[in-house]
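I have placed the structure first, in the form of structure tokens, so that the comments after it can refer back to it.
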Amino acid sequence: MVRPSWTRVSALSVGVLLVTVLTGCSLFDRSGSASYPDQQGSATPTPVGRRVSLVQRLGGDGPVRTLDVEPTGRWQCRDCAGDGVDATGALNPEQTSRLQKMLDDPALAGETDEVRRYRQLCIGALTSTLLIPPGLTITIQDCPGEPEPPVAYQVLLLLTQATPADDKG
């Protein structure tokens, strides 16, 4: 049995790495947006945008509802109505476009929990938290007298009106 030399193993490893890198690079067009081959074999750009997650809880011991929305508008909701049922669907193109514009609004950075020094004021209220990568966390509590962060509140309304997630608790 002939043992492989380390140079042969290294050359093979470099070759595999090079093929992997070149294949990965071909998935992106010159604008930097990802693409995937369509049925005819040509590349179709994947929509570029931001994800958002909505986590809601009524009171301190209520069920946790989670809604994840992809940049394409596809969404997945876990325990949507607080009844243990999961659901999936998609926002329509107008809703998706409106959502992405709001998620790109620079004002969101000024509405984070950290900037507002957010703390929960009401016991037993519906608490909705928006998680917007990379690193924006905005909590809105359904509490009389609590100011609503304007852009984040519009995101919350869009998500709760367009999906089975409920903004009333």
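The values are calculated or read from the model by the stated rules, or taken from the named source; none is laboratory data. Predicted model, so just to flag it, every value in this text is computed and none were measured. Cβ atoms come from the backbone with ideal geometry, glycine included; neighbour counts cover every protein chain shown. Keep in mind that these areas ignore ligands, DNA and RNA; they rest on the heavy atoms of the full protein, side chains included. Shrake-Rupley method; radii C 1.70, N 1.55, O 1.52, S 1.80 Å.
Other residues with beta-carbon under 14 Å from the beta-carbon of Ile132 carry, at +1 per Lys or Arg and -1 per Asp or Glu, a net charge of -4.
The value of relative contact order for region 54-169, using C-alpha pairs under 8 Å at least six residues apart, is 27 percent.
Charge tally around Val64: other residues with Cβ under 11 Å, Lys/Arg +1 each, Asp/Glu -1 each, net +1.
So if R0 is 22 Å, what FRET efficiency would Ser97 and Leu131 give, r being the distance between their Cβ atoms, rounded to the nearest 0.05? Efficiency, from the Cβ-Cβ distance: 0.55. Based on the Stokes-Einstein relation at 10 °C and a viscosity of 1.306 mPa s, and on the Kirkwood radius from alpha carbon pairs, region 47-143 is assigned a translational diffusion coefficient of 111 µm²/s. Using C-alpha pairs under 8 Å with a sequence gap of at least 6, the mean separation divided by the residue count of region 85-147 gives a relative contact order of 26 percent.
Our coupling estimate for region 99-110, obtained by passing each phi through the Karplus curve with A = 6.51, B = -1.76, C = 1.60 and θ = phi - 60°, is 4, 5, 5, 5, 5, 8, 5, x, 4, 4, 4, x Hz, Gly and Pro reported as x. In loop segments of region 93-142 as defined by DSSP, the trypsin sites (Lys or Arg not before Pro) with at most 14 further C-beta atoms inside 10 Å of their C-beta are Arg117, Arg119.
To put it simply, the accessible area of region 110-151 at a 1.4 Å probe is 56 percent carbon and sulfur. Give me the net charge for the shell around Pro149: Cβ to Cβ below 13 angstrom, other residues only, Lys and Arg +1, Asp and Glu -1. Overall, the nearby charge balance is -4. When Val55, Val48 are compared by accessible area at a 1.4 angstrom probe, the order from most to least is Val48, Val55.
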